[in-house]
Amino acid sequence: MKSSVAPKKSLGQHFLYNDHYCRKIAATVAFAPGRTLTEIGPGTGALTRFLYPDWRDRYTGIELDRRSVEDLYKSLGPEIRILAGDFMEIDPESWLNPEGKTTVIGNVPYYITTPILFRVLDLKDRVAECVVLIQKEVARRIISAPGSKDYGILSVQFQQAARCELLFQVPPGAFFPPPSVDSAVIRMTFYETPPERPGNPDLFRTVVRTAFHARRKTLKNNLKPLIQDRPVTSVDLSRRAETLSVAEFVRLTDEIAGMQIPSTL
Ligand code: SAH
């Protein structure tokens, strides 16, 4: 599909215009009774054309570019529910499902991929799954295992909350204009009951971030602001954060939760 809106770099617009990939991405989310669908950045409707006929009044698109919003009404009809605004600022209650869970999908603007993903993560109790087309490099960071160079904050935080899979890659030529990086579609299926659950989710986030502060340093070094010189038994502090499994991060968090945390944190 050739776009009728000239792409703007400042909005991270790389429109998909290869129907094969549009169909393939749309087919990753099956319509489920009681579920709603939210599309981040529908743009000129490359994916929307394949999603909206199934989801109809259960579909919400969130699009920042007014020109695209007009285009969507023209091509898909005035009943389509589009919220014109910034996904990062719009009240989530305006797109979350009041009666059940939501599926989130999108070819997301690359300049704010991680903030968008963290926003979805914050809402994980209301989101069933999230299928996004993102930079392959970020996709790798989400799915990688301990010991890999890509394993970090994104891997631990998302793998604790969701089953994360890289579904397939999308070549730059499938977009207009083609991005300078490779892209991939990733699916995160949020657990009803995560296999590893920290007692204090906020502390888990702090521990993971602090542990990865300087990748080459040991846990003992990085975690100093949190634990000072207190002894830790759940993991060996001479290790580096990149070697710890999600389960080990959870155990470490639970142990730290039992300590007297300094009042500066
Ligand atoms: N889904 C379309 C467009 C993808 S490009 C396609 O595949 O062709 C990314 C889209 O996100 C653009 O339409 C852009 O305008 C929109 N966008 C950029 N920043 C946004 C934000 N903060 N909130 C919502 N949409 C945004």
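With the checklist (1) more than 12 Å from the ligand (Cβ to nearest atom); (2) surrounded by fewer than 17 Cβ atoms within 10 Å (Cβ to Cβ); (3) assigned to a loop (DSSP other than H, G, I, E, B) in hand, flag the one item Met88 doesn't pass.
Here Met88 meets the rest and fails (1).
Mind listing whichever residues of region 28-59 are over 19 Å from Phe176 (Cβ atoms) and out of contact with any helix residue (DSSP H, G or I) (no Cβ under 8 Å at 6 or more places or on another chain)?
Correct list: Thr28, Ala30, Ala32, Pro33, Gly34, Thr38, Pro53, Asp54, Trp55, Arg56, Asp57, Arg58.
Any residue that is touching a residue at least 60 places away in the same chain (Cβ under 8 Å), of a type outside the set (S, T, N, Q) and within 30 Å of Lys8 (Cβ to Cβ) - is there at least one of those in region 240-254?
no
Looking only at region 158-206, how many residues end up being surrounded by fewer than 21 Cβ atoms within 10 Å (Cβ to Cβ), in a helix (DSSP H, G or I) and not acidic (Asp, Glu)?
6
Do any helices (runs of 4 or more DSSP H) entirely within region 14-84 hold 2 or more residues that are in the same structural domain as Ala184 (by TED's automatic domain parsing), β-branched (Val, Ile, Thr) and surrounded by fewer than 14 Cβ atoms within 10 Å (Cβ to Cβ), and if so, which?
Correct list: empty, since no element meets the threshold.
Could you identify the single residue in Lys74, Lys101, Lys8 that is out of contact with any Leu (no Cβ under 7 Å at 6 or more places or on another chain), near the ligand (Cβ under 8 Å from one of its atoms) and basic (Lys, Arg)?
Lys8
Considering only residues that are in a helix (DSSP H, G or I) and at pLDDT below 95, look in region 92-111 and name the one that is surrounded by the most Cβ atoms within 10 Å (Cβ to Cβ).
Of everything passing the filter in region 92-111, Tyr110 is surrounded by the most Cβ atoms within 10 Å (Cβ to Cβ).
The values are calculated or read from the model by the stated rules, or taken from the named source; none is laboratory data. Every value quoted in this text rests on a predicted model; they were computed, and no experiment measured them. Cβ: placed from backbone, ideal geometry, glycine included. Neighbour counts: every protein chain shown.
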